[in-house]
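The values are calculated or read from the model by the stated rules, or taken from the named source; none is laboratory data. Not measured: the values here are computed from a predicted model. Note that each Cβ is placed from the backbone with ideal geometry, even for glycine, and that neighbours are counted across all protein chains shown. The protein model used for the area step is the full one, side chains on, heavy atoms only, and it has no ligands, DNA or RNA in it. Shrake-Rupley method; radii C 1.70, N 1.55, O 1.52, S 1.80 Å.
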Amino acid sequence: LAFLIPAPSFADNKIRGNYEVIGDLEKLKGATSIELKEFFNYSCGHCYKFLETSKGLKEKYKDKLHHIKFPIYWGSQTPYPSMAFYIADGLGMEEKFTQDLFDTNFKLNINVFQSKVIKFLAKDHGIEKEMEAGMLSPKIKAKAQECLELAKQYNANETPTLIINDVLKVTPSISKGDVDVMTKNLDLIFQDVLGYNK
């Protein structure tokens with residue numbers, strides 16, 4: 001019977017929006033910031049769209065929103081873009097490099113999981129040597145692998161999978177694949193998480 005009766009914290013839940021509860025809702029009480037873990041893939045159209053719509057959330061919540069991105073890859077895809085993400089991040093160029101990777105994939109219809117594409121973009125950004133060295137780094141390879149392992153822990157089976165304070169999970173399918181609706185949904189959740197103090 002215990003499995004059929006909602007926990008008191010869930011029954012008294014004041015957080016609006018659509019999400020999956022994956023942790024203890026009590027942990028959200030008194031929250032003063034949002035930690036948003038995003039598992040994304042460079043060939044994912046929803047992720048490409050969220051790259052743009054998430055800017056509004058960052059602008060609205062500023063230093064209250066800590067957006068941590070985890071690049072993952074599927075099937076026959078290579079780890080090159082994921083590794084490039086961390087190399088560029090170490091150089092303070094992650095946002096621009098990520099934008100260019102997405103644009104190359106979606107606007108130019110070029111497979112960004114090829115090493116030659118990463119090399120070309122690195123040269124264009126003036127970080128060819130750093131990218132070449134980084135691709136041989138065990139530390140960078142380990143980071144790319146850690147992303148996959150973390151994605152498994154959160155059952156990130158679609159992208160973007162968004163984890164809020166390790167308690168709530170949001171995916172595009174919850175909003176029927178509409179990223180604009182998903183982003184508005186996140187905004188609603190963020191508002192209530194930050195006000196969930198009772």
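I want to confirm something. Restricting to the stretch 146-157 and keeping residues that are touching a strand residue (DSSP E or B) at 6+ places or on another chain (Cβ under 7 Å) and either part of a helix (DSSP H, G or I) or aliphatic (A, V, I, L, M) (or both), which single residue is surrounded by the most Cβ atoms within 10 Å (Cβ to Cβ)? Step by step, filter the stretch 146-157, then rank; the result is A156.
Residue-by-condition table, conditions (1) modelled with pLDDT of 90 or more; (2) β-branched (V, I, T); (3) open to solvent by 40 Å² or more (accessible area, probe 1.4 Å); (4) under 11 Å from I164 (Cα atoms):
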| residue | (1), (2), (3), (4) |
| --- | --- |
| L4 | no, no, yes, no |
| A7 | no, no, yes, no |
| A11 | no, no, yes, no |
| N18 | yes, no, yes, no |
| I22 | yes, yes, yes, yes |
| I34 | yes, yes, no, yes |
| F39 | yes, no, no, no |
| Y42 | yes, no, no, no |
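Here are T171, T183: which of them is within 13 Å of T53 (Cβ to Cβ) and among the β-branched types (V, I, T)? Checking each option against the conditions leaves just T183.
Tally up the residues in the stretch 158-198 that are open to solvent by 20 Å² or more (accessible area, probe 1.4 Å), over 14 Å from H46 (Cα atoms) and assigned to a helix (DSSP H, G or I), please. Final tally of qualifying residues: 6.
The single residue among I140, I118 that is more than 19 Å from the chain's Cα centre (by Cα) and in contact (Cβ under 8 Å) with a residue 24 or more places away in the chain turns out to be I118.
Within the stretch 75-111, restricting attention to residues that are crowded, with 17+ Cβ neighbours inside 10 Å and β-branched (V, I, T), which residue is farthest from I127 (Cα to Cα)? Once the filter is applied, the top-ranked residue is T104.
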